[in-house]
Each structure stands twice: as C-alpha cells, then as structure tokens.
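Each reported figure results from applying straightforward, stated rules to the coordinates on display, with no laboratory input. The model shown is predicted, which means the values in this text are computed figures rather than measured ones. Neighbour counts are summed over all protein chains in view; Cβ atoms, including those assigned to glycine, are modelled from backbone coordinates with ideal geometry.
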Amino acid sequence: KQWYQRRVRAVLAVDDRSSDVICVGFQELDLSPDTLIRGDSSREILWLEKVKEGLPEDTPYTLLKHVRLVGIMLVVYVRKSLVSMISEVHVGNVSTGIMGMLGNKGGVSVKFNIDMTTIAIINSHLAAHPEMVDRRNQDYRDIYTRMRFSNDEGDSLKGSDIIIWMGDLNYRLLSEDVSGEELRAMAERWEIPLMLKSVLCRYLDLMIVLHCSRF
C-alpha cells in the first residue's frame with residue numbers, strides 16, 4: 001500500500017504548488033472478456049482507491065466525477081475550495097474499437113463549468129501500430145464529433161472554452177524523424193516543442209486540441 005501511495009503521489013506531484021484540478025487517465029485498465037462483454041470491472045474500484053491515496057496530503061480534494069468505458073477511465077479531482085464555483089458536471093463516452101463499436105478503443109470525457117468557463121477533459125485510447133495513422137486520425141474525429149454528455153444529447157465538445165486531451169494516442173516518432181538519442185537529448189534541454197512542431201504536425205489531425213503554431 002505504501003509503495004503504491006509513493007508511486008502515485010510522485011506522478012501527481014508535478015509542481016511545488018498543489019494543483020486546482022487533478023485528472024488521471026487510464027487505458028487498458030481491464031480488457032478481460034467479461035469486462036468487454038458486460039462492462040463491469042473490479043479494477044475500477046481498486047484504482048479509484050489508489051488515486052485517492054496518492055493525492056497530495058497538504059491539500060483537501062473532492063472527487064468531481066469519474067467515468068469508464070471498458071479499460072479507458074478518467075478520474076477528476078478538484079480542490080474542495082473550488083467546489084462552490086463548479087456546476088454542470090456531466091460525463092460522456094465514445095467507442096471506436098472493432099466495427100466502431102467495441103469499447104477497447106475510444107474516449108471518455110468529463111465536462112464541467114468553473115465559474116463562467118466550460119472545461120472538457122478527454123481521456124482516449126486510439127488505434128495502435130505505426131501504419132494506422134489514418135485510423136488514429138479518424139478515431140480522434142469520431143471522439144470529437146460523436147461525444148455527447150449525460151445531461152443532453154445535444155451537448156457536445158464544441159461548446160467548451162477549454163479542451164484538455166490526454167491518453168494513449170499511439171502516435172510514433174519514426175527513426176527518420178529523430179533518433180532515440182536525439183530525442184532524449186532534446187528532452188534534457190526541454191526542446192521537445194521545437195521538434196514536435198515539425199514532426200507531429202505531419203501526422204496529427206488534432207488542430208483543435210494541438211495548435212502547432214503556438215509552440
């Protein structure tokens with residue numbers, strides 16, 4: 001238990017100051033046949049507990065919402081001091097797996113208002129394998145256009161002021177783009193955005209989420 005707490009806490013403690021909102025995304029949480037067919041998973045409760053145990057100790061947090069689609073799960077915590085400013089909390093999910101229906105691939109989302117700002121957080125797992133770039137791009141488009149929320153079938157991502165997109169996007173940097181050695185050196189120098197501008201924009205169709213011109 002203490003080992004898990006230390007590991008999770010190390011992941012969540014990214015700044016000296018505790019975050020206002022903490023989002024944790026899982027992919028392949030549980031891909032057992034029973035979960036794929038029925039949707040239930042005992043691992044959901046296990047990892048909800050682990051995330052809670054790993055929250056920063058110096059700041060009180062409240063679980064805002066969590067949502068799971070087979071093995072894709074998103075957990076959102078907020079500072080207790082912000083709860084009174086939050087409204088319209090809703091969840092949604094989109095399956096993009098086999099036949100565009102199976103939930104082993106796809107995305108889940110939590111959407112809410114903080115004061116007058118609408119925020120949508122998406123956790124996704126896109127198609128794998130280097131040659132499946134077009135399929136990954138289509139998965140993104142499907143998640144973005146088909147996502148609907150629990151409050152209203154007409155409520156989509158398009159009305160959001162801020163979209164935060166996370167997950168296992170499965171895009172690869174090919175050896176002709178940059179070597180592993182070069183990539184590690186750039187990471188040490190915090191120069192990755194310069195490389196991403198020239199490399200990722202050739203592969204990603206995520207212009208709403210990723211504005212390359214802003215790097």
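Listed peptides 104-113, 158-167 appear in the order 104-113, 158-167 once ranked by packing, highest mean of other Cβ atoms within 10 Å at the front. With the convex hull of the Cα atoms taken as the outline of region 44-147, the averaged projected area works out to 7.9 nm². Full extension of the chain between GLU53 and ASP34 gives 4.1 nm of extra length, using 0.36 nm per residue less the Cα-Cα distance.
Sorted by packing (mean other beta-carbon atoms within 10 Å per residue), highest first, where do 139-150, 179-190 land? Could you put the intermediate results ahead of the total?
Numbers: 139-150: 19.1, 179-190: 11.0.
Order by mean packing, descending: 139-150, 179-190.
The modelled label-to-label distance for the pair MET186/ARG9, using points 7 Å beyond Cα in the direction of Cβ, is 3.5 nm.
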